[in-house]
1. Could you please find all residues in the stretch 77-94 being open to solvent by 20 Å² or more (accessible area, probe 1.4 Å), more than 21 Å from Val134 (Cβ to Cβ) and in contact with a helix residue (DSSP H, G or I) (Cβ under 8 Å, 6 or more places away or on another chain)?
2. Return the residues of the stretch 39-86 that are in contact (Cβ under 8 Å) with a residue 12 or more places away in the chain, within 12 Å of the ligand (Cβ to nearest atom) and of a type in the set (Val, Ile, Thr); say none if nothing qualifies.
3. May I ask you to verify whether Ser6 is surrounded by fewer than 15 Cβ atoms within 10 Å (Cβ to Cβ) and over 21 Å from Val153 (Cα atoms)?
4. Of these, Val102, Val112, Val97, Val117, which one is within 11 Å of the ligand (Cβ to nearest atom) and touching a residue at least 60 places away in the same chain (Cβ under 8 Å)?
5. For the stretch 1-24, give me each residue that is away from the ligand (no atom under 13 Å from the Cβ) and in a helix (DSSP H, G or I).
6. Those residues that are of a type outside the set (Val, Ile, Thr) and under 15 Å from the mean Cα position of the chain (by Cα), I need them from the stretch 136-153; list them, please.
Amino acid sequence: STGMTSGRSIVLVGLMGAGKTTVGRHLAARLGLPFVDADVEIERAAGCSIADVFQLYGESAFRDGERRVIRRLLEGPPMVLATGGGAFMDSQTRALVRRQAVSVWLRCPLPVLLRRVAGRTHRPLLNTASPRDVLDRLMTIRHPVYAEAEIIVDCGDNNVEHTTTRVME
Ligand code: S3P
C-alpha cells in the first residue's frame with residue numbers, strides 16, 4: 001500500500017479541530033502504515049504537556065521543538081503524521097514536508113472546528129474568551145498557506161470514514 005505514496009510519509013495539516021489525529025489514525029490503518037501524532041512526540045521530547053511548554057518556555061520555543069521533531073520523524077520510515085495546526089506555517093517545515101512527504105490539508109468550516117474544540121482545554125491558543133475569534137483570525141492567516149499542501153480535502157461536516165475515503169481517493 002505504501003506504493004500509493006512511493007514510500008513517502010503522509011502529513012496531515014489544518015486547523016485545530018480539523019480531525020488530523022482522528023482521520024490520521026484511520027488513514028494509517030487503511031494504508032497499513034504507522035500513525036504518529038507530532039504533538040504527542042513533542043510532549044514526549046519535552047517531558048511535559050504542550051500547554052506547559054507554552055507557559056514555561058513560550059510559543060517560539062514550542063515552534064523550534066516542533067520543527068525538530070517533524071524533521072526527525074520525516075527522516076524515518078513512511079508513516080501517517082498528524083501535525084499541530086501551526087506546524088505547516090513554519091517555512092522550513094513546509095519546505096521539508098513538500099519535498100519529502102505527501103501533504104494533505106483537511107479543510108473544515110469554522111462552525112465544525114468550533115464544535116470540535118469546544119470544552120477542550122489542552123490547546124493554549126484557544127484558552128481565551130472567544131475561541132471563535134481566534135479560529136476566525138487563524139483561518140484568514142493560515143488558509144492561504146495550508147493551500148500549498150499537495151492534496152486538499154474538503155471535510156465539511158463529514159464523518160471520519162467519509163473523510164478518510166476522500167483522502168485515499
Ligand atoms: C496549535 C495546534 C495544536 C498544538 C498547539 C498549537 C496551533 O495542535 O500544536 O496547541 O498553532 O494551531 P492541534 O492542531 O492538533 O490542536
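The values are calculated or read from the model by the stated rules, or taken from the named source; none is laboratory data. Given the structure is predicted, the values throughout are model-derived calculations rather than measurements. Cβ sites come from the backbone with ideal geometry, for glycine too, and all protein chains shown count toward neighbours. Ligands, DNA and RNA are excluded from the accessible area calculation, which covers all protein heavy atoms including side chains. Shrake-Rupley method; radii C 1.70, N 1.55, O 1.52, S 1.80 Å.
1. So in the stretch 77-94, the residues open to solvent by 20 Å² or more (accessible area, probe 1.4 Å) come out as 77-78, 89-92, 94.
With more than 21 Å from Val134 (Cβ to Cβ) added as a condition, the list becomes 77-78, 91-92, 94.
The answer is Pro78, Gln92, Arg94.
2. Across the stretch 39-86, the qualifying residues are Ile42, Ile50, Val53, Val69, Ile70, Thr83.
3. No: the conditions fail for Ser6.
4. Details: Val102 fails: within 11 Å of the ligand (Cβ to nearest atom); Val112 fails: within 11 Å of the ligand (Cβ to nearest atom); Val97 fails: within 11 Å of the ligand (Cβ to nearest atom).
So the residue among Val102, Val112, Val97, Val117 that is within 11 Å of the ligand (Cβ to nearest atom) and touching a residue at least 60 places away in the same chain (Cβ under 8 Å) is Val117.
5. Residues of the stretch 1-24 that are away from the ligand (no atom under 13 Å from the Cβ), as a first pass: 1-10.
Residues satisfying the conditions are Thr2, Gly3, Met4, Thr5.
6. Just the residues of the stretch 136-153 that are of a type outside the set (Val, Ile, Thr), to begin with: 136-139, 142-144, 146-150.
Of everything in the stretch 136-153, those that are of a type outside the set (Val, Ile, Thr) and under 15 Å from the mean Cα position of the chain (by Cα) turn out to be Leu138, Met139, Arg142, His143, Tyr146, Ala147, Glu148, Ala149, Glu150.
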